[in-house]
Amino acid sequence: MNAPPNAPLYNKDILRLAADIPHHQRLPDAQASVEKRSPTCGSRVTADVRMADGRLADMGLDVKACALGQASAALMAGHAIGLTAQELADARDRLAAYLSGDSDDLAFWPGLSVLAPARGYPARHASIRLGFEAIAEAARQADA
């Protein structure tokens, strides 16, 4: 379900997610680490991963982003364990397609509808994509 177009950009659900990011510690023995930065606002997400049997076994995040970037990273981190590098790349691409208006589907990832009001704010899109981009790239590197 998408939020109505007049929904506030920063609401209590987004702020709650931003305050409680799962896996919000770097992994000391990561197989791969990737940092992604938004050139627009300077937000940054670093993702550390360990893969096992082709699936994400553990992850760690360092998130320095606005509340929207933090909330998106929290949603990603809450459901990424157990997925393949390809599934994580697909989620990254589907999020980008939604934000750009090429798709209306948010059902591919639990909870993303909370970010629907941000679709109308292109300057926020890079920050929202950071967690998904960093984890997908780190998983690809670790799985290679």
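The values are calculated or read from the model by the stated rules, or taken from the named source; none is laboratory data. All values derive from a computational prediction rather than experimental measurement. For neighbour counting, all protein chains shown are included, and Cβ atoms are generated from backbone atoms with ideal geometry for every residue, glycine included. The area values use the complete protein model at the heavy-atom level, side chains included, leaving out ligands, DNA and RNA. Shrake-Rupley method; radii C 1.70, N 1.55, O 1.52, S 1.80 Å.
Tally time: how many residues in segment 25-42 are surrounded by fewer than 16 Cβ atoms within 10 Å (Cβ to Cβ), out of contact with any Ser or Thr (no Cβ under 8 Å at 6 or more places or on another chain) and within 21 Å of ARG55 (Cβ to Cβ)?
Of the residues in that region, 3 qualify.
Taking into account only those residues within segment 108-124 that are in a helix (DSSP H, G or I) and touching a helix residue (DSSP H, G or I) at 6+ places or on another chain (Cβ under 7 Å), which is nearest to LYS36 (Cα to Cα)? Walk me through it before giving the result.
So in segment 108-124, the residues in a helix (DSSP H, G or I) come out as 112-120, 122-124.
Subsequent filtering for residues that are touching a helix residue (DSSP H, G or I) at 6+ places or on another chain (Cβ under 7 Å) retains 112, 114-115, 118-119, 124.
Working: LEU112: 20, VAL114: 22, LEU115: 20, ALA118: 20, ARG119: 20, ARG124: 14 Å.
Out of the qualifying residues, it is ARG124.
Within the group SER113, SER33, SER103, which residue is touching a residue at least 12 places away in the same chain (Cβ under 8 Å), among the polar types (S, T, N, Q) and more than 22 Å from ASP20 (Cβ to Cβ)?
Numbers: SER113 fails: more than 22 Å from ASP20 (Cβ to Cβ); SER103 fails: touching a residue at least 12 places away in the same chain (Cβ under 8 Å).
The unique qualifying residue is SER33.
With ALA47, ALA73 as the choices, which residue is open to solvent by less than 20 Å² (accessible area, probe 1.4 Å) and in contact with a Lys or Arg (Cβ under 9 Å, 6 or more places away or on another chain)?
Working: ALA73 fails: in contact with a Lys or Arg (Cβ under 9 Å, 6 or more places away or on another chain).
The conditions single out ALA47.
Starting from residues that are out of contact with any helix residue (DSSP H, G or I) (no Cβ under 7 Å at 6 or more places or on another chain) and over 15 Å from LEU68 (Cα atoms), keep the ones in segment 125-144 and report whichever is modelled with the lowest pLDDT. Spell out how you get there, then give the answer.
Quick first cut of segment 125-144, residues out of contact with any helix residue (DSSP H, G or I) (no Cβ under 7 Å at 6 or more places or on another chain) only: 126, 134, 137-138, 141-142, 144.
Applying the additional criterion that residues be over 15 Å from LEU68 (Cα atoms) yields 134, 137-138, 141-142, 144.
Details: ALA134: 98, GLU137: 98, ALA138: 98, GLN141: 98, ALA142: 97, ALA144: 85.
The selected residue is ALA144.
Report, by residue number, each residue of segment 86-107 that is within 17 Å of LYS36 (Cα to Cα) and either crowded, with 20+ Cβ neighbours inside 10 Å or not small (Gly, Ala, Ser) (or both). Steps first, please.
Taking segment 86-107 first, the residues within 17 Å of LYS36 (Cα to Cα) are 88-89, 91-93, 95-96.
Within segment 86-107, LEU88, ALA91, ARG92, ASP93, LEU95 meet the criteria.
Would you mind telling me which numbered condition in (1) touching a residue at least 12 places away in the same chain (Cβ under 8 Å); (2) closer than 24 Å to ASP13 by Cα; (3) not hydroxyl-bearing (Ser, Thr, Tyr) GLY42 fails?
Here GLY42 clears every test but (1).
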